[in-house]
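First comes the structure, then the notes that go with it.
The values are calculated or read from the model by the stated rules, or taken from the named source; none is laboratory data. Model, not experiment: these values are computed from the prediction. Cβ placement follows ideal geometry from the backbone for every residue including glycine, while neighbour counts extend to all protein chains displayed.
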Amino acid sequence: MRAPLLETRNLRAGYLGRAVVRDVNLRVEPGEVVCLLGPNGAGKTTTLLTIAGELTPVDGIVMFSNVPTVTPMYQRVRDGGVGIITEDRLVFTRMTARDNLRVGGGSVEAALELFPELEPRLLVRGGLLSGGEQQMLALARALSRQPSLLLADELSLGLAPKLVDRLLGAVRTAADEQGLGALIVEQHARKALRYSDRMYLMARGQILLELPADEAIDRLDEIEHAYLSGTSETEEDHIEWLRRKNKRKAWKRQRVRERELARLTGKIVSTRRAEDDDYYFDKEQQLREFARRVRR
């Protein structure tokens, strides 16, 4: 029996040693497209980044072709036959589309066969391409290297439905014709399942369900109602908790310095109290959310 291209065993992952993803066991076979579904904050991106090598596992192992790996992400991409697309699209904004393809080590001709729409845009800088063109460029660069495994996070983020079909269709074609194995993280369940062989459903940092894609489509209304509506707080809650913890420490040190300065000079520098911190936290979060929406 052939070993799977990718397998995780009891994977626990998170940030600064604190796990937000627990006991994740999944696999991807050659020629198979597997989608990882779940609500916002379920831990999907954390899982993908750990598999890619960007994050170090808290516990458990990641195996490529039945071999445990601890190499960093750049080595998995350069030497391990792994293609990676993050939700940031990984496009060099000051380089032309042609140079973006070349720097990835792939074939420009192969990339244009996948997405002929990029040919008239080859001399345009990456930062001047539309969001859809940037995503096509990132996927074309990854697939033109003919990796054995593709890891993709939110290919459909902010894109028109027809373009999403083009992107997912290219992944499906590479799986069928080249034996590519793909793990794709998606929020748009119905569209992702149309191009997938199997589905894992994640919520609150754990895999809750594994189904063939056809069966998942038949049960999609039930799955969406039970699991995909709303937000899982595990991952996002941890990040916000950690940010507030570090900020409270910084503000506490600042207040100590202000009190000492007031004692030495007799001048009141600040009247902020510890009880006011939550107000400032909420204001900062609102500003970050506004900036994130503007960038999109």
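Data table
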{"read-out": "Residue that is farthest from the chain's Cα centre (by Cα), among those in segment 176-212 that are within 22 Å of Q146 (Cβ to Cβ) and surrounded by fewer than 22 Cβ atoms within 10 Å (Cβ to Cβ)", "value": "E177"}
{"read-out": "Residues within segment 108-133 that are more than 25 Å from the chain's Cα centre (by Cα) and among the polar types (S, T, N, Q), tallied", "value": "0"}
{"read-out": "Tally of residues being closer than 20 Å to L48 by Cβ and assigned to a helix (DSSP H, G or I) across segment 141-168", "value": "6"}
{"read-out": "V70 in a loop (DSSP other than H, G, I, E, B), hydrophobic (A, V, I, L, M, F, W, C) and in contact with a Pro (Cβ under 9 Å, 6 or more places away or on another chain)", "value": "yes"}
{"read-out": "Hits in segment 33-51 (condition: in a strand (DSSP E or B) and over 19 Å from S196 (Cβ atoms))", "value": "N40"}
{"read-out": "Selection within segment 90-100 - crowded, with 17+ Cβ neighbours inside 10 Å, more than 21 Å from the chain's Cα centre (by Cα) and assigned to a helix (DSSP H, G or I)", "value": "A97, R98"}
{"read-out": "Helices (runs of 4 or more DSSP H) completely within segment 192-296 that count 1 or more residues being at pLDDT 80 or above and within 16 Å of A42 (Cα to Cα)", "value": "220-223"}
{"read-out": "Residues (surrounded by fewer than 22 Cβ atoms within 10 Å (Cβ to Cβ) and in contact with a Phe, Trp or Tyr (Cβ under 9 Å, 6 or more places away or on another chain)) located in segment 35-52", "value": "P39"}
{"read-out": "Filter result for L26 (out of contact with any Gly (no Cβ under 6 Å at 6 or more places or on another chain), within 16 Å of V171 (Cβ to Cβ), modelled with pLDDT of 85 or more and not β-branched (V, I, T))", "value": "no"}
{"read-out": "Subset of segment 129-143 [surrounded by fewer than 22 Cβ atoms within 10 Å (Cβ to Cβ) and touching a residue at least 12 places away in the same chain (Cβ under 8 Å)]", "value": "L129, G131, G132, E133, Q134"}
{"read-out": "Residue identified as in contact with a helix residue (DSSP H, G or I) (Cβ under 6 Å, 6 or more places away or on another chain) and of a type outside the set (V, I, T) among L128, L149, L122, L157", "value": "L122"}
{"read-out": "Where a residue in segment 82-94 is at positive phi and modelled with pLDDT under 85 and its partner, wherever it lies, is surrounded by fewer than 23 Cβ atoms within 10 Å (Cβ to Cβ) and outside any loop (DSSP other than H, G, I, E, B), with Cβ under 6 Å and at least six apart", "value": "R89/Q134"}
{"read-out": "Unmet criterion (only one of (1) closer than 20 Å to H188 by Cα; (2) touching a helix residue (DSSP H, G or I) at 6+ places or on another chain (Cβ under 8 Å); (3) part of a helix (DSSP H, G or I); (4) without any contact (Cβ under 8 Å) to a residue 40 or more places away in the chain) for E117", "value": "(1)"}
{"read-out": "For Q187: the one exception among (1) at pLDDT below 85; (2) over 24 Å from H225 (Cα atoms)", "value": "(2)"}
